[in-house]
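A quick write-up on the structure given underneath.
Bear in mind that the values in this text are calculations on the coordinates, not laboratory data. Keep in mind that what you see is a predicted model, and the values were worked out from it rather than measured. Positions of Cβ are generated from backbone atoms using ideal geometry, with glycine treated the same way; all protein chains shown enter the neighbour counts.
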Amino acid sequence: MAQPAQIEIDLSAAVVAASGDSPLILTVRSDDPAEAREPVLLPFGQFDPLHHRTIEIGLRAWVGELTNLTLGYVEQLYTFGDRGRHMRAGDSGPHVMSVGYLALTRLVGEGANRANPAGTRWMPWYEFFPWEDWRGGRPEILDATLLPLLRLWAGEPPAAGSPPRAFGRGERLALAFGGDDAPWDEEKSLERYELLYEAGMVEEARRDGREAALTRGSLPFAGRSMRYDHRRILATAIARLRSKLKYRPIIFELMPETFTLTELQTLVEAISGRHLHKQNFRRLVEGSALVEATGAASTRTGGRPAALYRFRRDIIKERPSPGLRLGGRS
């Protein structure tokens, strides 16, 4: 009689914070000495149904134990179940189902959320996705490396046995990365990473044995890699957070209790990866009634004092979708 298939449920957390103009992601090092030089991981642990009444309770518990962090906003992203993206060569162990989460926390002064517990490190998320940061203009990596290689790949016939798709490679490339008829959409970070993976242009594809990656020769891979399918989970988290900025006041989960409008704009730009016109942004914030003046001023920049604001929590009761409805790219 055949043995029943074994399945394990892992919980992976994309824990996001911000420092100045940098969105940060919490990473951990493997505890296996043989993996000292391996790419970093997101915090992850196994769900224990005997001790955790819900999956979210389990996530908060082990993230707290691992990192000493107190999580604020937590949202389930997706269940990632591709066997080839969470295994080692020759692995015959249980099939791992990974439930990905987006979690937000604040870096506060020199307290527990500022300290780095042993084995953890805050890293800029654009280190993993350099093509997603448009604040200084169109990223050079797009035209210098990514798009020429992707166009070559799009012109090749799909490999034998590839699953049928509603759109061809060229159409998917235009939709994900923009083109003559399709603008760049910051919310499509996952679609872009998935195309790069399929085309064999990220290290994870080589590690997972994708033919497109194994035939690349000495060509460089795009962005810093992560273990397992953790960069895929992070790409999903970035897309979700960028989307939610527009219809939920989620940005304030990353802000201090009081802030200037410049500090708020800096963080919105950091998360969305786009530059925003200063006066247009201020009109947007004032018109949305998301913030209220405290009557105090900040001298943190060392220049002219700037008015301090705080999030106006009553907005949640007044409107069903109180977010920052960002317009076109400036």
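Some points to look at:
- Residues satisfying the stated conditions in segment 271-312, i.e. under 26 Å from Arg138 (Cβ atoms) and either of a type in the set (Gly, Ala, Ser) or crowded, with 16+ Cβ neighbours inside 10 Å (or both): Ile271, Ser272, Gly273, Arg274, Leu276, Phe281, Leu284
- Answer from Arg227, Arg207 - the residue that is without any contact (Cβ under 8 Å) to a residue 24 or more places away in the chain and either out of contact with any Cys (no Cβ under 8 Å at 6 or more places or on another chain) or among the acidic types (Asp, Glu) (or both): Arg207
- Yes/no for Lys317 being surrounded by fewer than 19 Cβ atoms within 10 Å (Cβ to Cβ), in contact with a helix residue (DSSP H, G or I) (Cβ under 9 Å, 6 or more places away or on another chain) and among the basic types (Lys, Arg): no
- Failed criterion for Gly170 (all others in (1) within 19 Å of Gly155 (Cβ to Cβ); (2) not in a helix (DSSP H, G or I) hold): (2)
- The set of residues in segment 206-225 being outside any loop (DSSP other than H, G, I, E, B) and either crowded, with 23+ Cβ neighbours inside 10 Å or of a type in the set (Asp, Glu) (or both) consists of Glu211 alone.
Residue by residue, here is whether (1) under 14 Å from the mean Cα position of the chain (by Cα); (2) of a type in the set (Gly, Ala, Ser) holds:
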| residue | (1), (2) |
| --- | --- |
| Ala205 | no, yes |
| Asp208 | no, no |
| Arg231 | yes, no |
| Met255 | no, no |
| Thr260 | no, no |
| Thr266 | no, no |
| Glu269 | no, no |
| Arg282 | no, no |
